[in-house]
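Read the structure below first, then the notes.
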Amino acid sequence: MDHWVKLANANGGMFSLFFWGDWANYVPGPYAFKTPEYPQFFYIRALEITTKFATRLGQSADAAYYGGLATAARALYQSTYFNATTNCYAACTYVSQVFALTLGLAGPQGSPTEQAVWAHALDWWSADATHGVPEHFGGGIISLKYSLPLLDAHAATGLALKMHMQTDRAPGFGYWIETGGATTLWEAYDMTATVGTASRNHIMFGAAGSWYYSTIAGLDRAPNSRSYQNLVIRPPPAADIIYTDSNLSLTWATASIDSSMGLVSSSWSTKVGGDSAMCGSVGEDAPLELSCEGGLFTGVAFASFGTSTGSCAKGFAKGACDAATSVDVVSKLCVGKSSCVIQATDAAFGDPCPDTVKTLAVSLTGQCGPPVGIPKFELKVVVPVGGAAQVIIPAWGAASSANVTEGAARVWSAGAFVPGTPGITAGAASADGLSIVMTVASGSFDFIVYQ
């Protein structure tokens, strides 16, 4: 760090002779540019991290020294790159705005200047974007790491997820899956199964993987938690995962970490449907779990192992590829039972279309559900021994009208916490009234939301 400080002092706090592009961005396209503030941004980040280390270790002199350097560097960055007339940083590229927002230089979130700077970044990503490819992320590995938390913080998790799932064209991870059946991170956005010579097993876009854990599965640690002693488990709300275009909707996610304290996991699924229908879909080689709470499945409304389209919310339709055995297999596994697990595999259904990525979509009928409403959402969590967690459960509507069960016990009803379930110490509605916050100790919990 002292070497960095000497370099900064020798160059007035700047590194103007050396700068990078947003590595691995989408080319061809409007994303291939270089911007001179890269080194200054990482210099400030290094100073701030060093200051935090010194503070936590009780090294007050070092904390004051590096904190002072960080303050001076931030001031120089602001005066050098911010244009108060346009509310843009540097050349007004999305990377420049992301850097400034990450450093908090545009002011508190929600302030007029911060919102104006955010609008410039969003103009590269939104449906009506005037730069880039609308609703596609074409930035490289440097901006991806910082863009995803900013999208979450600005209530745009749904847009971030949509950018990942787009399959219509490059750039995007969904495009890799659609054109090449990708199961790993690739090195370039425009690669397909037959195009591109770069690596097809590359950690460069690894920030996406950590975001799947922390945001999509909702598995995260509380600030300042040691190991996984204090967890925050917060799955995304329905507005972020259900779209008008059902092909882009998300119906389940699961993540687990074998931490130093033991297993930590979060697994959720939408349970859209009524008392007389239980429904779900999974990708090939995954298990589909369906349950008929308080009753038995009586029939198969829809079943297809192949390339069906649609969702539980909008209804399914068979595609060109469909296993003729679909209904028979599902019927034998589920009808007359209160729960069933269906493996979406060629071994179970046969292979109706070789070399094609398939899905399993099923909707069952039956007299199901305890008398607490229509099942909407299920969240299973595991908190390790010695740990605790805040579990923030989307209400799929107003928390005041939701009912929540854990196992056979009701833990939330009529807008209030119902005490008495072991391991669950408290419950309250979130400030916006759209989630229910449960405080839990170590253990395994299975929450179901009814509306």
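Screening segment 287-315 for residues that are hydrophobic (A, V, I, L, M, F, W, C) and modelled with pLDDT under 90 and picking the one that is nearest to Thr254 (Cα to Cα) gives Leu290.
Filtered by the rule that a residue be acidic (Asp, Glu) and closer than 18 Å to Gly299 by Cα, segment 321-347 gives a lone residue, Asp328. Kindly evaluate Ile233 against the criterion of being touching a Leu at 6+ places or on another chain (Cβ under 9 Å), within 29 Å of Glu284 (Cβ to Cβ) and modelled with pLDDT of 90 or more. So Ile233 passes the test. Only one entry in Gly306, Gly283, Gly319 is touching a helix residue (DSSP H, G or I) at 6+ places or on another chain (Cβ under 8 Å), outside the structural domain of Gly174 (by TED's automatic domain parsing) and within 23 Å of Trp176 (Cα to Cα), namely Gly306. Here is the figure for segment 183-241: residues that are closer than 18 Å to Gly387 by Cα and among the aromatic types (Phe, Trp, Tyr) total 1. Summed over segment 315-338, the residues that are in a helix (DSSP H, G or I) and either surrounded by fewer than 16 Cβ atoms within 10 Å (Cβ to Cβ) or not β-branched (Val, Ile, Thr) (or both) give a count of 6.
Comparison of Asn201, Asn230 shows that the only residue that is assigned by TED's automatic domain parsing to the domain that holds Thr55 and either touching an Asp or Glu at 6+ places or on another chain (Cβ under 6 Å) or among the polar types (S, T, N, Q) (or both) is Asn201. Contact map, segment 102-129: first residue in contact (Cβ under 8 Å) with a residue 40 or more places away in the chain, second residue charged (D, E, K, R) and not in a loop (DSSP other than H, G, I, E, B), Cβ cut-off under 7 Å, separation 6 or more or different chains; pairs are Leu103/Arg74. Looking only at residues of segment 150-199 that are small (Gly, Ala, Ser), over 30 Å from Gln115 (Cβ atoms) and surrounded by 14 or more Cβ atoms within 10 Å (Cβ to Cβ), we find that the one that is nearest to the chain's Cα centre (by Cα) is Ala182. Please report, ordered by residue number, the strands (runs of 3 or more DSSP E) entirely within segment 340-451 with at least 3 residues that are of a type in the set (Val, Ile, Thr), in contact (Cβ under 8 Å) with a residue 24 or more places away in the chain and assigned by TED's automatic domain parsing to the domain that holds Ile242. Because the criterion is at least 3 residues that are of a type in the set (Val, Ile, Thr), in contact (Cβ under 8 Å) with a residue 24 or more places away in the chain and assigned by TED's automatic domain parsing to the domain that holds Ile242, the strands (runs of 3 or more DSSP E) in segment 340-451 that meet it are 375-394, 435-450.
For segment 245-267, filtered to residues that are of a type in the set (S, T, N, Q) and assigned to a loop (DSSP other than H, G, I, E, B), the residue that is farthest from Ile392 (Cα to Cα) is Ser260.
Say whether the condition of being assigned to a loop (DSSP other than H, G, I, E, B), of a type in the set (Ser, Thr, Tyr) and farther than 30 Å from Gly319 by Cα is met by at least one residue in segment 234-244. No: zero hits.
The number of residues in segment 91-102 that are assigned to a helix (DSSP H, G or I) and either within 23 Å of the chain's Cα centre (by Cα) or not hydroxyl-bearing (Ser, Thr, Tyr) (or both) comes to 8. Can we say Leu122 is under 22 Å from the mean Cα position of the chain (by Cα) and either surrounded by 14 or more Cβ atoms within 10 Å (Cβ to Cβ) or among the hydroxyl-bearing types (Ser, Thr, Tyr) (or both)? The answer is yes for Leu122.
Taken as a whole, segment 426-437 holds at least one residue that is surrounded by fewer than 15 Cβ atoms within 10 Å (Cβ to Cβ) and charged (D, E, K, R).
If you go through segment 52-85 and keep only what is surrounded by fewer than 16 Cβ atoms within 10 Å (Cβ to Cβ) and of a type in the set (Gly, Ala, Ser), you end up with Gly58, Ser60, Ala61, Ala64, Gly68, Ala72, Ala75, Ser79, Ala84. Of all residues being among the basic types (Lys, Arg) and under 30 Å from Val133 (Cβ atoms) in segment 1-58, which is modelled with the lowest pLDDT? Just the residue, please. Restricting to residues being among the basic types (Lys, Arg) and under 30 Å from Val133 (Cβ atoms), the top hit is Lys34. Reported count of residues in segment 184-233, each being part of a loop (DSSP other than H, G, I, E, B) and under 30 Å from Ser442 (Cβ atoms), is 10.
Ala402 meets all of the listed conditions (1) farther than 19 Å from Ser267 by Cβ; (2) surrounded by fewer than 20 Cβ atoms within 10 Å (Cβ to Cβ); (3) hydrophobic (A, V, I, L, M, F, W, C) but one, namely (2).
When every residue of segment 103-116 is checked against the conditions, none turns out to be in contact with a Cys (Cβ under 6 Å, 6 or more places away or on another chain) and either under 24 Å from Ala208 (Cβ atoms) or assigned to a loop (DSSP other than H, G, I, E, B) (or both).
The values are calculated or read from the model by the stated rules, or taken from the named source; none is laboratory data. No experiment lies behind these values; they were computed from the predicted model shown. A quick note on method: Cβ atoms are made from the backbone with ideal geometry, for glycine too, and the neighbour counts reach across all protein chains shown.
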